[in-house]
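> Next up is a structure, given as structure tokens.
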Amino acid sequence: MTESVSASPALLEVIDLRACVADQEILCGVSLTVRAGEIHAVMGRNGSGKSTLSKVIAGHPSYTVTAGSICFNGVDVEEMSPEERSRAGLFLGFQYPVEIPGVSNLEFLRVATNARRQAQGLEELDTFSFEDHLQQRLELVQMDPSFLERSLNEGFSGGEKKRNEILQMALLEPVVAILDETDSGLDIDALRIVAEGVNQLAGSSNATLLITHYQRLLDAITPHYVHVMAHGRILRTGGPELAHELERRGYDWVDEEAGVSSRTSAEVSA
Amino acid sequence: MTATTPSNAVNAPVASTSVGDLVSQPYRYGFVTDIDTEKIAKGLSEEVVRLISAKKNEPQFLLDFRLRAFRQWQRMTEPDWAAVGYPPIDYQDIVYYAAPKQQEKKASLDEVDPKLLETFDKLGIPLSEQKRLSNVAVDAVFDSVSIATTYKEKLAEHGVIFCSFSEAVEEHPELIERYLGSVVPIADNYFAALNSAVFSDGSFVFIPKGVTCPMDLSTYFRINSGDTGQFERTLIVAEEGASVSYLEGCTAPMFDTNQLHAAVVELVALDDASIKYSTVQNWYAGDENGKGGIYNFVTKRGLCKGPRSHISWTQVETGSSITWKYPSCVLAGADSVGEFYSVALTNNCQQADTGTKMVHVGERTRSTIVSKGISAGRSSNSYRGLVQLGPKARGARNYSQCDSMLIGDQAAANTYPYIRSQQPQSAVEHEASTCRISEDQLFYLQSRGIAFEEAVSMMVSGFCRDVFNQLPLEFAAEADKLLALKLEGSVG
């Protein structure tokens, strides 16, 4: 770690986190520290626990935290509901954003934005001022305003759903954004739009955690750290070059090396 | 998930209990007004029917109508085909007439018992000159009688008659004799026959030829007594080219016994006339274990008698222990249009079997049915609808859409659509769906800072939007709030 980055405050600290769903342990001791100004990538195979990690951090009710802790901005989030975590500035971009029929996208975006603004001590936006507020962010994700009139995510293509996620991120101005496989199912153009959005929103006072399978998103967004997850824990942490190595060599070698010395990787990730 | 016909869906257990917790909220209108009431003895007999008629000084034709209905009712049996269950009703254990004691004739509101005005104030229906709603005329019915009707004079300037049923019998007997029972005959069904025999009061609306009613009309029904049945009668007649929008609201105190409510509503639309009838029903629904609440057995039917006439039913059903109600349209006039928009919400142990009948008689008649059922708690919510196309209904069309939403893991939803067509040159479309508010949908909204209960209410009102859009503007927001309130619960 370089001196200048590590000196910035920790925004997200996950310490020895264990979590299960329906009595099956999915996270088996994950530790991770994300500081202001940093972009982290968590990579790993399907079923390695990456998506679970993101949902547990956001407070999904299906998962039970059995040990360890999650600190967000210096506050333990254990007692916080998902909405409280969101209002405090935690954002989860979903891998599969659900469709919510009958709820207008525009109204949803406005209610969500105002919930966050209220928590920030900012004035709530009425319908008209919200539309102005929305305009420039729509351009960021190159989204057609006609999407606003539709029901939330209903009938959206995969790429449209993901752009809608980035739009929400732009509106909520999170402190820490976790993007769960935001790149999956995107064509080249949509991927570029999403990546540009993430890059533009990344600043010195916030942080981004990208969860991804593939190197291709990391060609567009350069992370400071790359973590490799398998079997519910982080087996290895390195710089951006680690992603290239994974692209070249696959994931098996990480397992093998971790099998020899899993303690070392745990120390690195902490 | 799309359901075929007839469909039946029962909820699968959910992972978290939080959705299941989302039930029951205290009933706001459960108070009882302490007022002297004149009641007749319990029980039903020919003498009781004669007594009711005598108390109201009715003309002979009306007494005859009641007696025919009573004899008919004695020969009938209670229907058992609806998907609802309840212990047998003892019809001899009900009071068939109750009225707050007051001076006989009310010249103005100032003479109405202040306790009654206060009651309606508390229900959000102020009647006094200063406070009354500015754009809606209200007929307030308390137990068996109409208390007051606002804006009568203003409406009379336009030739519109809006008054209590009893008053209409006295002042416009020819209209009553002509139209009463013309849409719902006394022998129509068990509860309609009962109502025809013992009905006490209700509202009467008459819109003369070519008149567009200058304001919305509304009747507010309040049951107050614990052992009294409520049997009101509403009759709305729109002459050629006339139009009116009418709203009905209902509440009742909380008793741990059940009260019977068996109303009959008849609508008649002549050539080019249009009647829009909206209901926001919030009778007491019983407690979370199903104790108490109103048995709501109601017959509502509209007759599109003239060509190009239009009748539209919109209902938001949130109360009652049992709802048995099928607002229907008989589309007799060529090119007439019938519509039914319904939201039925059941919670706890409530049971609703509700829907509509669209009977296409005339050529090129059209009907639309949009039904949204929401079941929470251990409730059961059934849609039952009939679309009938007679041999002369050439070119008739119907579109039906029946959607069910399940909240929690113990609620049930059923859809029973019946389609009978005797006319090959007609088109019937039916769509049905069942959905459940999923943990993932709620989590998605929550993870955007939207609180759990607000998330549920957003989804429910989104689900109901097609129906709420049909309500008069003032009431659409009310209905939205009412649903949110009904679902608000002990969410930790």
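The values are calculated or read from the model by the stated rules, or taken from the named source; none is laboratory data. In this text the structure is predicted, and so the values were computed from the model without any measurement. Here Cβ is always computed from backbone atoms with ideal geometry, including for glycine, and neighbour counts include all displayed protein chains. What goes into the accessible areas is simple: the full protein's heavy atoms, side chains included, and nothing from ligands, DNA or RNA. Shrake-Rupley method; radii C 1.70, N 1.55, O 1.52, S 1.80 Å.
Condition check ((1) part of a helix (DSSP H, G or I); (2) at pLDDT below 85; (3) open to solvent by less than 50 Å² (accessible area, probe 1.4 Å)) across all residues:
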residue	(1), (2), (3)
B:Val14	no, yes, yes
B:Ser18	no, yes, yes
B:Gly30	no, yes, yes
B:Asp34	no, yes, no
B:Gly43	no, no, yes
B:Glu47	yes, no, no
B:Ile52	yes, no, yes
B:Phe61	yes, no, yes
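> Considering only residues that are more than 9 Å from chain B (Cβ to nearest Cβ) and either on the phi < 0 side of the Ramachandran plot or among the charged types (D, E, K, R) (or both), which ones fall in region A:113-130?
A:Arg117, A:Gln120, A:Leu122, A:Glu123, A:Glu124, A:Leu125, A:Asp126, A:Thr127, A:Phe128, A:Ser129, A:Phe130, listed by residue number.
> Hey, another quick one. What are the residues in region B:199-217 that are open to solvent by less than 10 Å² (accessible area, probe 1.4 Å) and in contact with a Leu (Cβ under 7 Å, 6 or more places away or on another chain), if any?
If the condition is that a residue be open to solvent by less than 10 Å² (accessible area, probe 1.4 Å) and in contact with a Leu (Cβ under 7 Å, 6 or more places away or on another chain), then B:Phe204, B:Val205 are the ones that fit.
> With respect to the numbered conditions (1) farther than 25 Å from A:Pro223 by Cβ; (2) touching a residue at least 24 places away in the same chain (Cβ under 8 Å); (3) more than 10 Å from chain B (Cβ to nearest Cβ), which one is the sole condition not fulfilled by A:Met80?
Looking at each condition in turn, A:Met80 falls short on (2).
> The conditions are (1) without any contact (Cβ under 8 Å) to a residue 60 or more places away in the chain; (2) assigned to a loop (DSSP other than H, G, I, E, B); (3) within 13 Å of another protein chain (Cβ to nearest Cβ); (4) buried (at least 18 other Cβ atoms within 10 Å of the Cβ), and A:Met143 fails exactly one of them. Which is it?
A:Met143 satisfies every listed condition except (3).
> Among the residues of region B:443-462 satisfying the criterion of being of a type in the set (Gly, Ala, Ser) and within 7 Å of another protein chain (Cβ to nearest Cβ), which is nearest to the chain's Cα centre (by Cα)?
Applying the filter and picking the extreme gives B:Gly462.
> Take B:Glu177 and decide whether it is modelled with pLDDT of 75 or more and either in contact with a Leu (Cβ under 6 Å, 6 or more places away or on another chain) or of a type outside the set (Lys, Arg) (or both).
yes
> Six or more apart or on different chains, Cβ atoms under 9 Å: show the pairs whose first residue is in region B:78-95 and within 14 Å of B:Tyr190 (Cα to Cα) and in a loop (DSSP other than H, G, I, E, B) and whose second is of a type in the set (Gly, Ala, Ser) and open to solvent by less than 30 Å² (accessible area, probe 1.4 Å).
From residues that are within 14 Å of B:Tyr190 (Cα to Cα) and in a loop (DSSP other than H, G, I, E, B), the pairs are B:Ala82/B:Ser382.
> Something else now. Name the single residue that is farthest from the chain's Cα centre (by Cα) among those in region A:22-53 being β-branched (Val, Ile, Thr) and closer than 13 Å to A:Ala10 by Cα.
Checked region A:22-53; the qualifying residue farthest from the chain's Cα centre (by Cα) is A:Thr33.
> Taking region A:102-112, which residues are in contact with a Phe, Trp or Tyr (Cβ under 7 Å, 6 or more places away or on another chain) and either surrounded by fewer than 19 Cβ atoms within 10 Å (Cβ to Cβ) or at the interface with another protein chain (Cβ under 9 Å from one of its Cβ atoms) (or both)?
Within region A:102-112, A:Gly102 is the sole residue that qualifies.
> Can you pull out the residues in region B:414-431 that are assigned to a strand (DSSP E or B) and either open to solvent by 10 Å² or more (accessible area, probe 1.4 Å) or modelled with pLDDT under 90 (or both)?
Result: B:Asn414, B:Tyr416, B:Pro417, B:Tyr418, B:Ile419, B:Arg420, B:Ser421, B:Ala427, B:Val428, B:Glu429, B:His430, B:Glu431.
> When the residues of region B:462-484 are filtered to those that are open to solvent by 40 Å² or more (accessible area, probe 1.4 Å) and part of a helix (DSSP H, G or I), which remaining residue is modelled with the lowest pLDDT?
B:Glu474
> Can you tell me how many residues in region B:256-275 are in contact (Cβ under 8 Å) with a residue 40 or more places away in the chain and in a strand (DSSP E or B)?
Going through region B:256-275 one residue at a time, the tally reaches 9.
> Select, from B:Leu267, B:Leu303, the only residue that is closer than 20 Å to B:Gly210 by Cα, touching a strand residue (DSSP E or B) at 6+ places or on another chain (Cβ under 9 Å) and open to solvent by 10 Å² or more (accessible area, probe 1.4 Å).
B:Leu303
> Could you go through region A:16-25 and let me know if any residue there is touching a strand residue (DSSP E or B) at 6+ places or on another chain (Cβ under 6 Å), crowded, with 22+ Cβ neighbours inside 10 Å and away from chain B (no Cβ under 12 Å).
yes
> Any idea which residue in region B:388-411 is farthest from the chain's Cα centre (by Cα), counting only those that are surrounded by fewer than 20 Cβ atoms within 10 Å (Cβ to Cβ) and part of a strand (DSSP E or B)?
B:Arg397
> Something else: Which members of region A:50-69 meet the condition of being part of a strand (DSSP E or B) and open to solvent by less than 10 Å² (accessible area, probe 1.4 Å)?
Passing the criteria: none in range.
> Quick check on my filter: what residues within region A:146-163 are in contact with a Leu (Cβ under 8 Å, 6 or more places away or on another chain) and either more than 14 Å from every other protein chain (Cβ to nearest Cβ) or crowded, with 18+ Cβ neighbours inside 10 Å (or both)?
So the first thing to find is which residues in region A:146-163 are in contact with a Leu (Cβ under 8 Å, 6 or more places away or on another chain), and the list is A:148-149, A:158-159, A:162.
Listed by number, the residues that qualify are A:Leu148, A:Gly158, A:Gly159, A:Lys162.
> Every residue in region A:196-217 that is touching a Pro at 6+ places or on another chain (Cβ under 7 Å) and buried (at least 21 other Cβ atoms within 10 Å of the Cβ), please. First the steps, then the outcome.
Narrowing region A:196-217 to residues touching a Pro at 6+ places or on another chain (Cβ under 7 Å): A:206, A:210.
Answer for region A:196-217, where residues must be touching a Pro at 6+ places or on another chain (Cβ under 7 Å) and buried (at least 21 other Cβ atoms within 10 Å of the Cβ): just A:Leu210.
> Would you check if there is a residue in region B:313-320 being over 17 Å from B:Glu248 (Cβ atoms) and in a strand (DSSP E or B)?
No; the residues of region B:313-320 include none that is over 17 Å from B:Glu248 (Cβ atoms) and in a strand (DSSP E or B).
> Is it true that B:Asp440 is of a type in the set (D, E, K, R), surrounded by fewer than 24 Cβ atoms within 10 Å (Cβ to Cβ), within 23 Å of B:Thr314 (Cα to Cα) and within 14 Å of another protein chain (Cβ to nearest Cβ)?
When the stated conditions are applied, B:Asp440 does not pass them.
> A:Arg248: surrounded by 21 or more Cβ atoms within 10 Å (Cβ to Cβ) and either basic (Lys, Arg) or assigned to a helix (DSSP H, G or I) (or both), yes or no?
No.
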